[in-house]
Amino acid sequence: MMPIPLINTTDLATLLQDQTKRTVICDCRFDLADPEAGLRHYSAGHMPGAVHIDLDRVLSRKAGPEQGRHPLPAREDFTAAMAAAGVSSDTWVVCYDACDSMYASRLWWMLRWIGHAKVLVLDGGLKAWMKSGGPLSTGEAEEHPAGTLTVGESLVDTIDYDQVVENLDSRTAQVIDARSPERFRGEGETIDPVGGHIPGAVNRFFKDNLQPDGCFKSAPTLRQEFLAYLDGQEPAKVISQCGSGVTACHNLLAMEIAGLHGAALYPGSWSQWCNTAGSPISR
C-alpha cells in the first residue's frame with residue numbers, strides 16, 4: 001500500500017479485498033456553481049459501495065458571511081455524520097472526487113481534525129479509477145450500517161482570524177494562498193465580494209500540486225517546490241488559506257506528501273477576511 005495519505009487504484013483494489021480491514025469509500029464530488037450537481041453526478045455513476053459526502057451538508061455549516069463561505073461544522077456534528085456514513089474508529093476511509101482532489105482533500109483534513117488517522121485520498125480521483133477499468137454503480141446514495149466514531153485529539157491545527165491579524169505584524173508564520181493567481185492578484189474576482197489577498201501572503205495555486213493526469217507530483221518534487229515558498233520558514237509555521245478553506249486543504253495534503261508536517265489551516269480564509277471590516281487587503 002502507498003504511504004499515507006495517498007493510495008493508487010492498484011493498492012485500493014488490494015485494500016478492498018483485505019477482509020481484515022473495514023473500508024468506507026467517500027465520493028466528495030461537488031460544484032460551487034451548482035451545489036446539487038455532486039449528488040446528481042454520484043447518482044449517474046460512482047465507485048461501487050461509495051457514500052456521498054457533501055461539502056455543504058457535511059463538510060461545512062451554514063453561517064453568516066463574517067464566518068466565511070464554508071466554515072467548519074462542530075466537530076461533534078461532523079463526527080456524527082461520518083459515523084452515520086458507516087465510519088468507525090478502526091475504519092479506513094478512502095476519499096475521491098472528480099475535481100483534482102480538492103473536495104477529497106477537505107474530507108481528508110477534516111477526518112484528521114477529529115483525530116481519525118486512517119484516511120487516504122485516491123490519487124487521480126474518479127478519472128484514475130475509470131482509467132484503470134474500475135466499474136461504476138448508479139442510483140441513489142449507498143447506505144452502510146452506522147459506525148461508532150468519537151471525537152479524538154486533533155491531528156491538525158487551525159488558525160482563526162485574530163491570529164492571522166496578529167501575524168501581520170509579527171510575521172512569525174508564512175501565509176500560503178491556494179487560489180488561482182488571478183484571484184490572488186485581485187483580478188476578475190467572481191466568487192467573493194472583494195478581490196486581493198492577505199498582506200504578506202504568497203500564492204501557491206493548488207493545481208500546481210498535480211501532474212497533467214491529475215495525480216499528485218512526486219514527494220521530492222513537492223518538497224522542493226514548497227520549500228521555495230517557505231523560504232527558510234518551518235513547515236509548522238505555515239498558515240494555509242484559500243477562498244473558503246477548501247483548496248487550502250489540498251496544499252496541506254501536498255505538504256504532508258512532501259514530508260513537511262504541521263502547517264495550520266485558516267478555515268475562514270479569504271471569504272471571511274474580505275467580509276470583515278478593517279481587514280487590510282493587498283493587490
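Here are some notes:
- Taking the helices alone, the chain has a mean residue ellipticity at 222 nm of -9000 deg cm²/dmol, built from -39,500 (n - 2.57) per DSSP H run of at least 4 residues and averaged over all its residues.
- Kirkwood Rh in Å, taken over all unlike Cα pairs in region 1-72: 14.4
- Long-range HN-HN contacts of Leu265 with modeled amide H, under 5 Å: Asp157, Thr158, Ile159, Ser240
- Its Cα gyration tensor gives region 6-131 an equivalent ellipsoid, and the semi-axes of that ellipsoid, as √(5λ) in whole Å with the largest first, are 23, 18, 12.
- In this simple spin-label model, placing a label point 7 Å from the Cα along the Cα-to-Cβ direction at both Lys131 and Asp213 gives a separation of 0.4 nm.
- Val94 long-range amide H proximity, modeled H, under 5 Å: Val24, Ile25, Cys26, Leu120
- Residue of Ala63, Ala81, Ala264 that the Gaussian network model of the chain assigns the largest fluctuation, springs spanning Cα pairs under 10 Å: Ala63
- The modelled label-to-label distance for the pair Arg185/Asp56, using points 7 Å beyond Cα in the direction of Cβ, is 3.2 nm.
- Intensity falloff of region 157-273 expressed as log10 I(q)/I(0), Debye formula with alpha-carbon point scatterers, at q = 0.17 Å⁻¹: -0.77
- Between Ala33 and Asp162, the modelled labels are 3.9 nm apart [label points 7 Å from Cα along Cα→Cβ].
- Look at the alpha carbon pairs under 8 Å that are at least 6 residues apart: their mean separation over the length of the chain gives a relative contact order of 22 percent.
Bear in mind these aren't lab numbers, they're just calculated from the coordinates by the rules spelled out. Everything numeric here is computed off the predicted structure, so don't read it as measured data. Neighbour counts run over all protein chains shown; Cβ positions are idealised from the backbone, glycine included.
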